[in-house]
Amino acid sequence: MSRGRKPILLVTGGARGIGAAIVRLAAKAGYAVAINYLHAANEAHALAQSIQQQGGLAFAIQADVSNEEDVVKMFKEVDQHLGTITALVNNAGIVDQKARVSEMHLDRLQKMFATNVFGSFLCSREAVLRMSTQSGGHGGVIVNISSIASRLGSPGQYVDYAASKAAIDTLTTGLAKEVASEGIRVNAISPGIIDTEIHASGGEPDRVKEAGPMIPIGRVGTAEEVANAVLWVLSDKASYVTGACIDVSGGR
Ligand code: NDP
């Protein structure tokens, strides 16, 4: 990170939920932020505008992280608008309706892995190409948003989602070791149950209301609580932390 310049962060799926909370905190902390969205154009542009009105630097950028051409184009646009990124948060993710593995068709599995896994691989590739000190970059930090489901397995519900997040954990530990000598740290944050709209898209709109008693801390988490952990991992306070998967789950 060069002195006197704002650190430059790209957050995928940054217009809503956990991604938007990360964008807001990062802008407050002085990052110039690229806010990626797929469908939430209004939310993304409104968020960028509110950051600009408060004197920050932000812009909204549409791209499907599962589409290689979109990802390559998005990183080039970030280069042009903000400069070479120093931080990436792979946050974009989906969950499908509750189902048993015996009911899961290939198209569901392909969409799940294309978004949650391939999207994170493609964005990480583009980030590493720019950050690596071996290719003239100045280093950087990648944070992958995983889930404690990667270890719980989500039986009878979302085994496909859990398996995609397990792949994210392996991407995190493998890539961290691969690029540690190139000035890049890679970590994962693994949320438990967080109050966002993702539960409605998984067919469980009441999950947030009902989940409290099964969580040791006694309540679900907020997007801001996840964002706080992400901002810490992005910061130099975590300078010796790489390859880690850190739970933000209320002890679940
Ligand atoms: P939301 O449903 O609120 O947000 C999902 C985000 O992902 C949206 O911003 C959406 O963009 C984006 N997105 C989805 N597909 C694509 C794509 N192909 N390309 C670009 N962006 C895409 O969910 P959360 O905020 O809860 O989830 C954020 C992350 O946190 C996910 O990875 C999720 O798996 C993880 N997580 C969430 C937990 C929870 O309890 N909430 C628990 C554990 C992990 P758009 O709206 O523009 O379409």
Exercise. Might you let me know whether segment 220-229 holds any residue that is over 22 Å from Asp96 (Cα atoms), touching a Leu at 6+ places or on another chain (Cβ under 9 Å), surrounded by 18 or more Cβ atoms within 10 Å (Cβ to Cβ) and of a type outside the set (Ser, Thr, Tyr)?
Key: yes
Quiz prompt | Failed condition for His45, given (1) of a type outside the set (A, V, I, L, M, F, W, C); (2) crowded, with 22+ Cβ neighbours inside 10 Å; (3) out of contact with any Leu (no Cβ under 9 Å at 6 or more places or on another chain); (4) assigned to a helix (DSSP H, G or I) | solution = (2)
Quiz item: Among Ala58, Ala48, Ala99, which is over 16 Å from the mean Cα position of the chain (by Cα) and farther than 18 Å from Ala20 by Cβ?
Solution: Ala99
Practice problem: Give the number of residues within segment 24-45 that are over 17 Å from the mean Cα position of the chain (by Cα) and among the small types (Gly, Ala, Ser). | Solution: 3
Quiz item: Somewhere in segment 61-70, is a residue within 15 Å of the ligand (Cβ to nearest atom), of a type in the set (D, E, K, R), part of a helix (DSSP H, G or I) and free of Cβ contacts under 8 Å to residues at least 12 places away in the same chain?
Solution: yes
Quiz item: For segment 141-161, what are the residues that are charged (D, E, K, R) and buried (at least 19 other Cβ atoms within 10 Å of the Cβ)?
Solution: Asp160
Quiz prompt | Pick from segment 13-42, criterion assigned to a strand (DSSP E or B) and not aromatic (Phe, Trp, Tyr), ranking: surrounded by the fewest Cβ atoms within 10 Å (Cβ to Cβ) | solution = Ala32
Quiz item: Restricting to segment 66-117, what's the tally of residues that are over 16 Å from Leu9 (Cα atoms) and hydroxyl-bearing (Ser, Thr, Tyr)?
Solution: 3
Practice problem: Could you please let me know if Ser164 is more than 8 Å from the ligand (Cβ to nearest atom), modelled with pLDDT of 95 or more and surrounded by fewer than 15 Cβ atoms within 10 Å (Cβ to Cβ)? | Solution: no
Practice problem: Could you check Pro205 against (1) in contact (Cβ under 8 Å) with a residue 40 or more places away in the chain; (2) touching a His at 6+ places or on another chain (Cβ under 7 Å) and say which number it fails? | Solution: (1)
Practice problem: Could you tell me whether segment 123-140 includes any residue that is touching a residue at least 40 places away in the same chain (Cβ under 8 Å), within 20 Å of Arg16 (Cα to Cα) and crowded, with 17+ Cβ neighbours inside 10 Å? | Solution: yes
Quiz item: Among the residues of segment 1-49, how many are more than 11 Å from the ligand (Cβ to nearest atom), at pLDDT 95 or above and of a type in the set (Ser, Thr, Tyr)?
Solution: 1
Exercise. Mind telling me which of the residues Val179, Val186, Val233 ends up being within 23 Å of Val33 (Cβ to Cβ), more than 12 Å from the ligand (Cβ to nearest atom), more than 14 Å from the chain's Cα centre (by Cα) and in contact (Cβ under 8 Å) with a residue 24 or more places away in the chain?
Key: Val179
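Tell me, which residue of segment 195-252 that is part of a helix (DSSP H, G or I) and of a type in the set (Val, Ile, Thr) is farthest from Gln157 (Cα to Cα)? Walk me through it before giving the result.
We begin by selecting, within segment 195-252, every residue part of a helix (DSSP H, G or I); these are 198-201, 207-210, 212-214, 223-234, 236-238.
Restricting the remaining residues to those that are of a type in the set (Val, Ile, Thr) gives 198, 208, 226, 230, 233.
Numbers: Ile198: 14, Val208: 16, Val226: 23, Val230: 27, Val233: 30 Å.
Filtering segment 195-252 for residues that are part of a helix (DSSP H, G or I) and of a type in the set (Val, Ile, Thr), the one farthest from Gln157 (Cα to Cα) comes out as Val233.
The values are calculated or read from the model by the stated rules, or taken from the named source; none is laboratory data. All figures in this text were calculated on a predicted structure; none of them were measured in a lab. Backbone-built Cβ (ideal geometry, glycine too); neighbour counts: all protein chains shown.
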